[in-house]
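The values are calculated or read from the model by the stated rules, or taken from the named source; none is laboratory data. What you see is a predicted model, and the numbers here were worked out from it, not measured in a lab. We place every Cβ from the backbone using ideal geometry, glycine too, and count neighbours over all the protein chains shown.
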């Protein structure tokens, strides 16, 4: 009746497939218990969420999201902000957010004190409205545990008519986050020194939303950084060349998954990470694959599960 389709790095079920009858029953029970509500607009009207609903998914692409969530703010724990924009693999995903959406989004965050999970996905030219927020100013700052932001995370702002890079700020992230999944449009500075300050973080997925190759980048984690991190995924960071972790960094790391980081030629001294159970490298640089299977195999010999795959024409 229920089939697991996809799991996340921690092994928890991400997506499942269920029989139509069971799906209908689950939706009916969720509505009865105010567990989940899908908020959508039909024509010129929109459906408002119930006052005690705990999780909501926004399927309407309007500038102002406040009317759609007006009834659920006090009890809302999870919010899926919808999919904006479109891409070759996700056509017709909806229009790009208008400037008013960003203002409305800030107003929404200021009125959901119990929000623990937030998901937003933006495709094509649609830019993430999140990168200028100071999360510490919102009441959900101490409550939020899971944050997923996918899309064109633009770290530039126009100052005096010139686009200037704006460094990643720790205030973007709720301090008690356990899971963080972000896709950066570009990063001129290493984001790790900021993210590693999230002391409760257990799962980190870092990817790039721009397929263009930028100037070669490095990721560096300091000693004592990421003290509780258990699961790490580096996905499609095509400009990443080096990844270093100082001794004492990521002490509890269990699972590393590296996917389509074509130019990555250096990985840390993993033998210092004594809790590692699994190391996966798919479509990595040919020289890195050869060294990990040869002269640098000492970095992996303590890991029970190793999966290294190189596709010759992937690069």
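At-a-glance table
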{"quantity": "Cβ-Cβ under 9 Å pairs, at least 6 apart or on other chains, the range 9-33 side surrounded by 10 or more Cβ atoms within 10 Å (Cβ to Cβ), far side modelled with pLDDT of 80 or more and part of a helix (DSSP H, G or I)", "calculated": "18/26"}
{"quantity": "Long-range neighbours under 8 Å by Cβ, at least six apart or interchain, first residue touching a residue at least 60 places away in the same chain (Cβ under 8 Å) and at positive phi within the range 279-307, second outside any helix (DSSP H, G or I) and surrounded by 13 or more Cβ atoms within 10 Å (Cβ to Cβ)", "calculated": "none"}
{"quantity": "For residue 274: the one exception among (1) surrounded by fewer than 17 Cβ atoms within 10 Å (Cβ to Cβ); (2) part of a loop (DSSP other than H, G, I, E, B); (3) touching a strand residue (DSSP E or B) at 6+ places or on another chain (Cβ under 9 Å)", "calculated": "(3)"}
{"quantity": "Strands (runs of 3 or more DSSP E) within the range 183-271 that include 1 or more residues out of contact with any helix residue (DSSP H, G or I) (no Cβ under 7 Å at 6 or more places or on another chain), at pLDDT 90 or above and under 23 Å from residue 283 (Cβ atoms)", "calculated": "203-208, 231-235, 240-245, 255-259"}
{"quantity": "Qualifying residue in the range 280-288 (condition: crowded, with 18+ Cβ neighbours inside 10 Å, touching a helix residue (DSSP H, G or I) at 6+ places or on another chain (Cβ under 8 Å) and modelled with pLDDT of 95 or more)", "calculated": "no"}
